Amino acid sequence: MSDFSRIRLQVAVPESEASFIATNQPVKFTVEGLPGRTFAGTVARFAYALEEASKTMLAEIELPNQTLELRPGMYASVSIGIERHPDALLVPVNALVQEKTALLFSPLRTIKPERRPCGRGSTTVSMSRSSAA
């Protein structure tokens, strides 16, 4: 008989995100078989190499399963906390102006658009903070 009181979740991480994975990163996931429930764990280990055919890297999350509600073979939708930017300002892409040497943010609510330098985030664009704002 198998012991399912501790489970291992295996995740195929895409090549574009593989270099950001580290042990102990927070993970949240849901499974279709348990709607409305969210589970949490951390990255226990990961392969450093990508699988050639899929260009993904295997990451494993281990977590307790005392209630035995998670079962082998369940598919999970997983979110790994790669980067957190709690102070990032999200802006619509049409508010950005790409110039030769800079990416600028132009607030749409102003009569005369004011162009402010901003930087790119990992998957979004964030406005840089300055004392002259």
Open item on the list: If I model a spin label at LYS28 and LEU63 as a point 7 Å from the Cα along the Cα→Cβ vector, what separation in nanometres do I get?
Closed with: 1.1
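Which order, highest average first, do 12-20, 71-79 follow once you tally other Cβ atoms within 10 Å for each residue and take the mean per peptide? Intermediate values should be presented prior to the final figure.
Working: 12-20: 13.9, 71-79: 12.0.
Packing order, densest peptide first, comes out as 12-20, 71-79.
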Open item on the list: Could you tell me how far the Cα centroid of segment 52-90 sits from the Cα centroid of segment 1-19, in Å?
Closed with: 7
Task: Cβ-derived FRET efficiency at R0 35 Å, SER19 paired with ALA95, nearest 0.05 - done: 0.75
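Given 10 °C and 1.306 mPa s, how large is the Stokes-Einstein diffusion coefficient of segment 17-83 in µm²/s, with Rh as the Kirkwood radius over Cα pairs? The partial results should precede the final answer.
Working: Rh = 13.1 Å.
The calculation lands on 122 µm²/s.
Among the trypsin sites (Lys or Arg not before Pro) in segment 1-110, which ones are in a DSSP loop with at most 10 other Cβ atoms within 10 Å of the Cβ? Mind listing them?
In loop regions of segment 1-110 (DSSP not H, G, I, E or B), the sparsely surrounded trypsin sites (Lys or Arg not before Pro) are ARG84, LYS100, ARG109.
FYI, it's all coordinate maths here, none of it is from the lab. Only a predicted model underlies this, so the values are computations on that prediction, with no experimental measurement involved. So basically every Cβ, Gly included, is an ideal-geometry build from the backbone, and we count neighbours across all protein chains shown.
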